[in-house]
Structures are given as C-alpha cells and as structure tokens.
Amino acid sequence: MTRAAVRCGVLSVDGCHTAEENEACFEHVRWSMQHGITADPAQYPGLTQESNFEEFQALLHKQGIHDCPAPCATLPETRCHTAIPGEACFEHTTWAMTAGHAIMLEWYPPALLKEGARFEDFQAWLHKIHHGDCQRPCEPETELLDEDDTFELLGKGVCRTASGSKGTYDEPVAATEAECRAACSATSTCVAYEWKERGQECERHSEAISGFEAEDRHVCYVRKTV
C-alpha cells in the first residue's frame, strides 16, 4: 500500500512511520487520544476526540516530543469488514459497548455515549485508535431494510409468543440485520425474526409471535399478513 509522511499538512513519500504497538510513541498517541484531549484540550490545537491516530501522532511529531516520527497517511480505504464472533476485534468491540464505556467514560467520544450507538460505531472508534486489530466496519444496510415491506417492527425488544415464551426458533448465521431478515424471508415457515445488535445474533421464529419484551439493542420484526 502506498504510504506518505504527514509533515505540516503536506504529504511526502519519504521517511514516514506510523507508530505500532510496543513502541513508546504508540502508547503516547493512544494516551493523548483517550485521556489527554479530554483533560487538557488546549495542548492539542486543531484536534478533537474525532481526530484520527495519524493526526495525533503528527502533532506529537511537530511538537518534537516522545520521539514520534512523521506518521504515514494511507490511501482512502475502499474495503470494510464488520467484526464477527471469534475475531479479536469482535471481543474488543463488544467489551467497549457493554463494559468499557461505563468503566472508562473519558475514553470515548460523546457520540458513543448516546443511546442508540451501534456496534459499528464502536468498531469504527477502535479502528481509528488502532486497537484490537479492528478494520473499518461496514455500514448496516439500512436502506434495504427501509425499502422492504415484508416485515413490520413489532417492538424494540425480544420476541414473545402469546404465552410469553420465546417460542420455536433457530439461529442462522448473520452478520447484519439485513442478512437476518433475508434468512427469514428465505423460508415460508419463518413468521418473525429477532436481531440482537450487541452480539450480532439472529433468531428466526416459526411459532406465532404476538408481543415483545423490552430489551436494549434487540428488535423484533413480524412478517406482514397478506
């Protein structure tokens, strides 16, 4: 991949190096992104919590501290990958969503602390700070969901039968809600599906669903009757 050094806003192909884990500069850049910028913003002119790793490293390089070299700027990313169970990034992102933001509030940008922040939002932040071997996540296929009139949202929570049970269902592999919906559409016996964003889990229900139990980051959709 073509890389270029960032020096005073000008790209150069000579002598760049983006700090890597186990290097002193890497730890100082990460600390600046997670602690320094919130504790003393004046020390980071032109930067915010939304600035990326290379921008922070470039500032430290410009200031001549922590032995930080001029970082490399990569070409715009054209590929994406949303982490799935079994990958290190999935574990890091899940921890950040479920526990990290409560333990270390100052680590996270305000946007991630708002209700409704998605798995992809947390993964994108970890990608930005070069943590957990996270790639740039793919955006959920919201447009596809909006255009599909086969299902209707029953509620934000876990699907329930008339008796209040979870009923009969299977769990097809799905990385996005769109894939979960498609898995339900693919069989005539599926009457509803439940998507759990936090763990990227899909439930395909074959027993009639008539209600839901409120639960954060779950959605229950039922197939419309003709």
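So, ALA73, is that one in contact (Cβ under 8 Å) with a residue 60 or more places away in the chain and not in a helix (DSSP H, G or I) or not?
Details: in contact (Cβ under 8 Å) with a residue 60 or more places away in the chain: yes; not in a helix (DSSP H, G or I): yes.
Taking the combined requirement at face value, the residue satisfies it.
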| message | Restricting to the range 77-121, and then to whatever is under 19 Å from GLN135 (Cα atoms) and among the basic types (Lys, Arg), can you tell me which residue is surrounded by the fewest Cβ atoms within 10 Å (Cβ to Cβ)? | response | ARG79
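Being at pLDDT below 90, under 13 Å from the mean Cα position of the chain (by Cα) and of a type outside the set (D, E, K, R) is true for just one of THR98, THR78, THR93. Which residue is that?
On the way: THR78 fails: under 13 Å from the mean Cα position of the chain (by Cα); THR93 fails: at pLDDT below 90.
After ruling out the rest, the residue left standing is THR98.
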| field | So GLU55, is it over 28 Å from ALA175 (Cβ atoms), in contact with a Ser or Thr (Cβ under 7 Å, 6 or more places away or on another chain) and among the acidic types (Asp, Glu) | value | no
| query | Taking LYS224 and the conditions (1) of a type in the set (D, E, K, R); (2) surrounded by 16 or more Cβ atoms within 10 Å (Cβ to Cβ); (3) closer than 17 Å to LEU153 by Cβ, which numbered condition does it fall short on, given that it satisfies the others? | reply | (2)
| query | Is it the case that GLU54 is modelled with pLDDT under 90, of a type in the set (Asp, Glu) and surrounded by 14 or more Cβ atoms within 10 Å (Cβ to Cβ)? | reply | yes
| query | Quick one: what pairs do we get from the range 214-226, first residue assigned by TED's automatic domain parsing to the domain that holds ARG181 and at pLDDT below 90, second buried (at least 17 other Cβ atoms within 10 Å of the Cβ) and of a type in the set (Gly, Ala, Ser), C-beta under 6 Å, 6+ apart or different chains? | reply | ALA214/GLY157; GLU215/GLY157; HIS218/GLY157
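The values are calculated or read from the model by the stated rules, or taken from the named source; none is laboratory data. Note that the structure is predicted; figures quoted are calculated from it, not measured. Using ideal geometry, Cβ is built from the backbone for each residue, glycine included, and neighbour counts are taken over all protein chains shown.
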